[in-house]
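Notes to accompany the following structure.
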Amino acid sequence: MEVNLLIIITALVVIVVAVYTAFRLGAFVYPYGLAKLAEIPKFDILEYQFKRESEILAEYAKGSYTAEAPYIIIDPYDFNPLAALILFETAKPGNAEIKIQGDSPFSTYTYSHTVEAPRAEIPVLGLYPDRANTVTLTFDGKSYQYQIATKPLPAGMQRYTKVSSKPEKMAPGITLCLAAFEHTYNTLIDCDGQVRGYFSSRSMVFLALSNGRTILSGDELKFMPYHVASLFERNWLGKIFKKYDIPNAVHHGMFELPDGNFMLASNHHDMFKTGTREDAVIILSSQTGEVIKEYDYREIADETREPYHHFEPAMKNLLNRDWLHINAVVYDTNNKAIIISSPTQSMVLSIDAATSGINWILGPHNGYNNEMKQHLLTPLGDDFEWQWCQHDPSIIPDPGDDPDIINLLLFDNGQNKSFTEEGSIPAQENYSRAVRYRINQREMTVEQIWAYGKERGPKDYATILSGAQYLGETVLIAFGGQLRKNEIPVDDAVNAAFGDFPVRSRVVEVTWDGDVVFEVSARESPDAISADTYQAKRIPLYAAEGYTYRLGEVKAECLGTSYTVKQAAKFSPPKLYGGRISVDFQRLYREGSRLIIDGDMLYRGKGQRLVRAFLVFRDKKGNAYSYSANNSFYGRFLASIDLSELPPAEYQLSVAGGIIIGDDALSKDVRKGYYKTKYKITVRDEKR
């Protein structure tokens, strides 16, 4: 009996020692099953588009197409399901007129396109969803009519309702409704509130270029929910001409400078070291994509000034404090000045572009230090009201010719109407408005000369987002971030941004006399909680300069420098898979020598507020290389990894990290785990 017990104890000791030794040697995470893992896919949207054009031409070559019976492909670039491309053979070039029949004369779109021989390539924009659209082509003295059928709108799209419309008084063009967050679509809507375009690009970054193209957010994020690390120059068919990789990332807005370069609302290049975000402006070369200059507003404004607002999450010790939240950049050509909007400070700030010295500050006077007080504008007039947490300032024409006068149009959200919580106005009693100020830079004064929105009251109060566009005889206003709980206005901006309750919006076009000539409401659908409108812009549906290329002849170029995360030298990956974390990937692909990762870390299958994620690459020999992800809100983590840093080998991908319990990013109460994904990646020696 004693012998048997000794044998059992000895066996147990041997097993424990063997298990411990195997654990120390990493045997439990050794990548034995690499062959069963899926290789991370390669994807380059520029290569994809060029290949797509070749496929279209190959399919076209199989038939014999004429203007009477053309080749028609809907959504050729998988970007805009309400657009099409018409191709047919022609013996001579010329001008073609395209008419997309609308439900009324004002919703019927007509434009001209230059046709080249021997193959006509004609874009069709502004189709209706879920119907057979009547499209008429007039070319070489003859007219041809086609029926182009489209699919229904996505179930998860916001729904628009026309409230009123006087199209004969509206400014020409179509209305682009920009979305702020990924759960709302960017759309084009006509004078009847009908959707005539929607896009795979869903972020708020947009710029209409002088060359007839647009710049929209690309396919890579650096930080949630809207810091994009790439931009695409493209047309409304979806054709990309340039891709800009931006290491600082861009958010909220851009401005095209007189020299053709771009000014961007951005971040410090070391944003994860500065501990702040959305407090820099960069100048980007349109030719090379490189950052030419960076304006660090920590060195210009007062970083210690912290008025009460609803932009920052109610969490402690966040890695990046959003003290300034630059939500607009404008270049003042006459004064060679840069104007930014800071809603967290309720401040519009003008600086000299060459020296970074402050020219003037528009906003309530409370809480400024002595250095900044001297730049405050003095209000004039009994009916003057300050703007609060404003968006979308723009310089508009002034009737006079005084170079010291600036007319500024902006959207005054009105959030709180106070710099203290005690003095703030509740959302259900508040209002938002568009307002026009006249600034006298010589006298350092400001007058309010027009406003619209106060008369609409709390019904259209918009805590966040929003904008106002000057259209000559009218102003287009987006009451863009209307936060509602049980139909009651609230100011819970952060939770609304992440889809916890409905965000609605309203787009209104109004004359300077207050006559509403267009009004559309946007509300959530049964399958979509959000219907935000970051801004609304009246734009031409078609700009000829954006469609002068030929299929298969113009390949997009990639410019700029990609951001990458570095190896985490102080992090040693666990020796054992375990814990209750798992990962869902939003994006996971290889683009050239980079690996782009965008994922959600889950705990017991559910998303969490704060996480810490590390990416682990382990080869067949057991060597492990770790990278610290950019940890963002609500469990989201992102990374761009330079694969050339890894030795050539086959690697299994795992994610280690933890879920932080509570609202303190530095909390030691962390639910740790180590999760093996189903993916691997092969890194080859590029020199061989």
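The values are calculated or read from the model by the stated rules, or taken from the named source; none is laboratory data. None of the values given here were measured: they were computed from a predicted structure. Glycine also receives a Cβ, built like all others from the backbone with ideal geometry; neighbour counts cover every protein chain displayed. Note: accessible area is taken over every heavy atom of the protein model, side chains too, but ligands, DNA and RNA are not part of it. Shrake-Rupley method; radii C 1.70, N 1.55, O 1.52, S 1.80 Å.
For the chain, divide the Cα radius of gyration by the Kirkwood radius and give the resulting Rg/Rh value with two decimals. Don't skip to the end; give the middle numbers.
Values: Rg = 28.0 Å, Rh = 27.5 Å.
When Rh is taken as the Kirkwood radius, the ratio is 1.02.
Across segment 377-387, rounded Karplus estimates of 3J(HN,Hα) from the backbone phi angles (6.51 cos²θ - 1.76 cosθ + 1.60, θ = phi - 60°) give 7, 8, x, 10, x, 6, 9, 6, 10, 6, 8 Hz, Gly and Pro being marked x.
Which angle from 0 to 90°, rounded to the nearest 10, does the C-alpha axis of helix 2-24 make with the longest principal axis of the chain? Its long axis makes an angle of about 40 degrees. Think of each Lys and Arg Cβ as +1 and each Asp and Glu Cβ as -1; about the Cα centre, that makes the dipole of segment 522-625 roughly 760 debye. Taking all Cα-Cα distances within segment 439-508, those exceeding 21 Å account for 40%.
How large is Rg over Rh for segment 331-408, taking Rg from the Cα atoms and Rh as the Kirkwood inverse mean of 1/r across Cα pairs?
Working: Rg = 12.8 Å, Rh = 13.5 Å.
Rg/Rh for segment 331-408 comes to 0.95.
Can you tell me the accessible area per residue over segment 205-339, all protein chains present, probe 1.4 angstrom, in square angstrom?
Details: 4170 Å² over 135 residues.
Value for segment 205-339: 31 Å² per residue.
DSSP loop trypsin sites (Lys or Arg not before Pro) in segment 120-195 with at most 16 other Cβ atoms within 10 Å of their Cβ, which ones?
Values: sites: ARG131, LYS142, ARG159, LYS162, LYS169; in loops: ARG131.
For trypsin sites (Lys or Arg not before Pro) across segment 120-195 that sit outside H, G, I, E and B with at most 16 neighbouring Cβ atoms in 10 Å, the list reads ARG131.
Computed from Cα atoms, the angle from the helix 45-61 axis to the main principal axis of the chain rounds to 70 degrees.
With all protein chains present, how much of the accessible area of the chain (probe radius 1.4 Å) comes from carbon and sulfur, to the nearest whole percent? Its accessible area is 51 percent carbon and sulfur atoms. Between the listed residues GLN287, LEU576, THR420, the Cα displaced farthest toward the positive end of the dipole of the chain, a dipole computed from Cβ unit charges relative to the Cα centre, is found at LEU576. A 1.4 Å probe run over the protein chains yields, for segment 98-197, 40 Å² of accessible area per residue, whole-number rounding. Near ASN335, once Lys and Arg are set to +1 and Asp and Glu to -1 for all other residues with Cβ below 14 Å from its Cβ, the sum equals -3.
Across segment 574-583, rounded Karplus estimates of 3J(HN,Hα) from the backbone phi angles (6.51 cos²θ - 1.76 cosθ + 1.60, θ = phi - 60°) give x, 8, 8, 6, x, x, 10, 8, 8, 9 Hz, Gly and Pro being marked x. Taking amide hydrogens as placed 1.01 Å from N in the peptide plane, the amide H of LEU221 sits under 5 Å from those of ALA229, each at least 5 positions away in sequence or on another chain.
For the pairs LYS166/LYS242; LYS222/LYS316; LYS99/LYS166; LYS243/LYS293; LYS36/LYS621, flag any whose C-alpha to C-alpha distance is greater than 28 Å.
Numbers: LYS166/LYS242 38 Å; LYS222/LYS316 21 Å; LYS99/LYS166 22 Å; LYS243/LYS293 20 Å; LYS36/LYS621 17 Å.
Result: LYS166/LYS242 exceed 28 Å.
Phi-derived couplings, Karplus 6.51 cos²θ - 1.76 cosθ + 1.60 at θ = phi - 60°, listed residue by residue for segment 323-333: 7, 10, 6, 4, 10, 6, 10, 9, 9, 8, 4 Hz, with x used for Gly and Pro. Taken over the Cα atoms of segment 508-665, the convex hull encloses 250 Å³ per residue. For GLY212, no residue 5 or more places off, or on another chain, has a built amide H under 5 Å of its own. For segment 545-586, the Stokes-Einstein estimate of translational diffusion at 4 °C and a viscosity of 1.567 mPa s comes to 77 µm²/s, using the Kirkwood hydrodynamic radius over alpha-carbon pairs. Along the charge dipole of segment 609-649, pointing to its positive end and built from +1/-1 on Cβ of Lys, Arg, Asp and Glu, which listed residue (ASN630, SER640, VAL611) has its Cα farthest out? After comparing all options, I get VAL611. If both residues of a DSSP beta bridge must be in the chain, then about 95% of such bridges are antiparallel. Note on segment 420-499 and segment 152-207: Cα centroid distance 20 Å, given to the nearest whole angstrom. Counting only residues at least eight positions apart within a chain, or on another chain, the aspartates and glutamates with an alpha carbon under 12 Å from that of LYS151 are ASP75, ASP130.
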